[in-house]
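A.B. asks: Please see the structure below; I have some questions.
Throughout, read-outs are computed from the coordinates displayed, never taken from laboratory work. Treat the numbers as computed from the prediction; the structure is a model and nothing was measured. So basically every Cβ, Gly included, is an ideal-geometry build from the backbone, and we count neighbours across all protein chains shown.
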Amino acid sequence: MEILRELHDRRAYRAISDAPLPGTALEHIVRAGTLAPSCYNNQPWRVVVSSGESLDALKASLAEGNAWASRAPAIIALAARECDDCRQDEGREYALFDAGLCAMAMMVQASAEGLVAHPIAGYNPKKAKAALGIPADFILITLIVVAHRGDPDSPDGALLKDWQRERDKGERQRKSLSDIAYRDRWGQSFA
């Protein structure tokens, strides 16, 4: 079996269309997130889907480098509290790990729906939490921009910086297995 198409084809494109999303896409994406594994099945993540009245206020929290995301018809906020999940020695806070699994499940589903799901860290957390009514004791881990893929050389790419446009048009860049994976002991070749 080869790598799943949804994983292989998934990319964090920045040239996005402001076209509306298919009717059930957001529900499918969020449902996929609920299927993610978590420590003791605690499911510590909380998701706020912004596609209506809160969207403009959430977009106002975006960093300048994420201006392209202001075209998105939907943004999903992913939050968690560390106290709601397993807390292990050496600072292993599983809430953040488990929320990451939820995020990846949502991104894979978005890919299956033919959509871009681009997680970003460039936003003002206080403004974003206020826009969405997220309680202060939750960590707003990421925003996931959900949209149809756009054309970087059309109005879809008007908000992109030159380097962002070139990255969208270029080949996907990934580190090799030899750079990130070892077999049996740290530093031993995976091959």
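A.B. asks: Taking springs between alpha-carbon atoms closer than 10 angstrom, which of Asp56, Asp89, Asp156 fluctuates most in the Gaussian network model of the chain?
C.D. replies: So, out of Asp56, Asp89, Asp156, the one fluctuating most is Asp89.
A.B. asks: While we're looking at this one, here's another question. Assuming a viscosity of 1.567 mPa s and a temperature of 4 °C, what translational diffusion coefficient in µm² per second does Stokes-Einstein assign to the chain, Rh being the Kirkwood radius over Cα pairs?
C.D. replies: For these conditions, the coefficient is 73 µm²/s.
A.B. asks: Would you compute, from DSSP H runs of 4+ residues alone, the mean residue ellipticity of the chain at 222 nm, taking -39500 (n - 2.57) per run and dividing by the full residue count, rounded to the nearest 500?
C.D. replies: After summing the helix terms and dividing by the residues of the chain, the value is -8500 deg cm²/dmol.
A.B. asks: What distance in nm separates the two pseudo spin-label positions at Leu96 and Asp9, each 7 Å out from Cα along the beta-carbon direction?
C.D. replies: 3.3 nm
A.B. asks: Here's another thing I want to ask about it. I need the fraction of alpha carbon pairs in region 35-147 separated by more than 25 Å, rounded to a whole percent.
C.D. replies: So the pairs more than 25 Å apart make up 21 percent of the total in region 35-147.
A.B. asks: Number of Lys pairs in region 5-180 with C-alpha atoms less than 28 angstrom apart, excluding same-chain neighbours closer than eight positions?
C.D. replies: Lysine pairs, 8 or more places apart or on different chains, close enough: 10.
A.B. asks: Points 7 angstrom from Cα along the Cβ direction at Lys126 and Gln173: gap in nanometres?
C.D. replies: Placing both labels 7 Å along Cα→Cβ, they lie 3.4 nm apart.
A.B. asks: Check the chain for me: any Cys whose beta-carbon has no other cysteine beta-carbon within less than 4.7 Å?
C.D. replies: Lacking a cysteine Cβ partner under 4.7 Å: Cys83, Cys102.
A.B. asks: Considering only the other residues whose Cβ falls under 15 Å of the Cβ of Lys129, what net charge follows from Lys and Arg at +1 and Asp and Glu at -1?
C.D. replies: +4
A.B. asks: Right, something else. Note down the relative contact order for region 5-180 as a percent, whole number, built from C-alpha pairs under 8 angstrom at least six residues apart.
C.D. replies: Relative contact order of region 5-180: 34 percent.
A.B. asks: Around His8, with a cut-off of 15 angstrom between Cβ atoms, what is the net charge of the other residues, counting Lys and Arg +1 and Asp and Glu -1?
C.D. replies: So the surrounding residues net to +1.
A.B. asks: Hey, another quick one. Take the alpha carbon atoms of region 47-101, find their center, do the same for region 143-189, and report the distance between the two centers in whole angstrom.
C.D. replies: Here the answer is 20 Å between Cα centres.
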